[in-house]
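One structure is given here, and the rest of the page talks about it.
The values are calculated or read from the model by the stated rules, or taken from the named source; none is laboratory data. Because the structure is predicted, anything quoted here is derived from the model rather than measured. Note that each Cβ is placed from the backbone with ideal geometry, even for glycine, and that neighbours are counted across all protein chains shown. These area figures cover heavy atoms from the full protein model, side chains too; ligands, DNA and RNA do not enter into them. Shrake-Rupley method; radii C 1.70, N 1.55, O 1.52, S 1.80 Å.
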Amino acid sequence: MITLTLLLPGKAVPVQSWTFETESVVKIGRAADSNVVLYSAVVSRHHLEIRRVSSGWEAVNVGANGTYLNGQAITKVTVIDGMVVRLASSGPKIQINFEQEESAAKRHLAKLQRASMNPTQDPPHDSNKETLVS
């Protein structure tokens, strides 16, 4: 599972989040066929792809205005949980968080076990769970 969070310009305050559970490629850009559509003049129609690889995830710049990590332009970089990339040198910032499938499965199993231990209660509701965006 991977979660992308748009951060408020100039601050690390979340504005909007998107969570993807099954996608092997998440596309970010202005184009309507992107998984995450951002309306900014400096964001390319197809700007950034976050791809699942055997060792985890990688971020690949596919836009004309570049993608930046810590102020340095990147072409392709291994994604580290919590890293923040900027689309174009002055564009929006996106924080990338991911959870290994094993961890998600363990969390789900623990939730099921808690529910079965106390069957008179409704299963716990996870209010923080994001809606899958396709």
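Per-structure values
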item: Surface accessible to a 1.4 Å probe, Lys76 within the full protein complex, Å²; result: 130 Å²
item: Accessible surface, per residue, of region 8-77 when the full set of protein chains is kept, probe 1.4 Å, Å²; result: 56 Å²
item: Net charge contributed by nearby residues that have their C-beta within less than 11 Å of Gly29 (K/R +1, D/E -1); result: +1
item: Carbon/sulfur fraction of accessible area - region 48-101, other protein chains in place, 1.4 Å, %; result: 45 percent
item: Phe98 - accessible surface, heavy atoms, 1.4 Å probe, Å² rounded to 10; result: 50 Å²
item: Three-way shape call for region 1-65 based on the alpha-carbon gyration tensor, with the a/c threshold at 1.5; result: oblate
item: Candidate residues Leu87, Leu69, Leu8: accessible-area rank, largest first, probe 1.4 Å; result: Leu8, Leu69, Leu87
